[in-house]
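Enquirer: Sharing a structure here in structure tokens format.
The values are calculated or read from the model by the stated rules, or taken from the named source; none is laboratory data. Every value quoted in this text rests on a predicted model; they were computed, and no experiment measured them. In case anyone asks, the SASA skips ligands and DNA or RNA and just uses the protein heavy atoms, side chains included. Shrake-Rupley method; radii C 1.70, N 1.55, O 1.52, S 1.80 Å.
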Amino acid sequence: MTDAALVVGPAAWWHGWGRHDWDRLAGAVVAGHIVECGPQACGGNYPFIDELPDNRYPGFPIAEVRADGSAVITKQPGSGGR
């Protein structure tokens, strides 16, 4: 079990991927790793910290994983971060 599995498993189930859909699974692993690092992906390591609306709440990312394994990393509006 890895942290990325919390994204890979649901994405594989949702899109009906098989165990040999290597490229799709690899894309989901990358998305899972990015959101596993949570606040780092949307403000925690932002170099211009004074530009953040409130650096106590860096935001929490969401991975929108597509059927081809690509993903968009986003977050809820107003949840902090950048």
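Enquirer: Can you list the residues, at least 5 places off or on another chain, whose amide H is less than 5 Å from the amide H of residue 62, using H built in the peptide plane?
Expert: When sequence neighbours closer than 5 places are left aside, the close amide H contacts are 74, 75.
Enquirer: Excluding ligands, DNA and RNA, what is the solvent-accessible area per residue of the chain at a probe of 1.4 Å, expressed in Å²?
Expert: That works out to 69 Å² per residue.
Enquirer: Let me know the Rg and Dmax you get for the chain when you use only its Cα atoms, in Å.
Expert: Answer for the chain, Rg first and Dmax second: 14.1, 45 Å.
Enquirer: Please give the contour-minus-distance gain from residue 23 to residue 48: 0.36 nm per residue of separation, less the Cα-Cα distance, rounded to one decimal in nm.
Expert: 5.5 nm
Enquirer: With axes computed from alpha carbons, what is the tilt in degrees of helix 5-15 against the longest principal axis of the chain, rounded to the nearest 10 within 0 to 90?
Expert: The answer is roughly 50 degrees.
Enquirer: For residue 71, what residues show an amide H to amide H distance below 5 Å, using hydrogens built from the backbone and excluding near sequence neighbours?
Expert: Counting only residues 5 or more places away or on other chains, the set is 66.
Enquirer: Probe radius 1.4 Å, ligands and nucleic acids ignored: give me the carbon and sulfur share of the accessible area of the chain as a rounded percent.
Expert: Values: 3250 of 5630 Å².
Heavy-atom surface of the chain belonging to carbon and sulfur, 1.4 Å probe: 58 percent.
Enquirer: Helix 22-36 versus the longest principal axis of the chain: what angle, 0 to 90°, nearest 10, using Cα atoms?
Expert: With both axes taken from Cα atoms, the answer is about 30 degrees.
Enquirer: Next question. Would you calculate a helix-derived [θ] at 222 nm for the chain, using -39,500 (n - 2.57) for each DSSP H run of n ≥ 4 and dividing by the full residue count, to the nearest 500?
Expert: Value at 222 nm, helices only, nearest 500: -10000 deg cm²/dmol.
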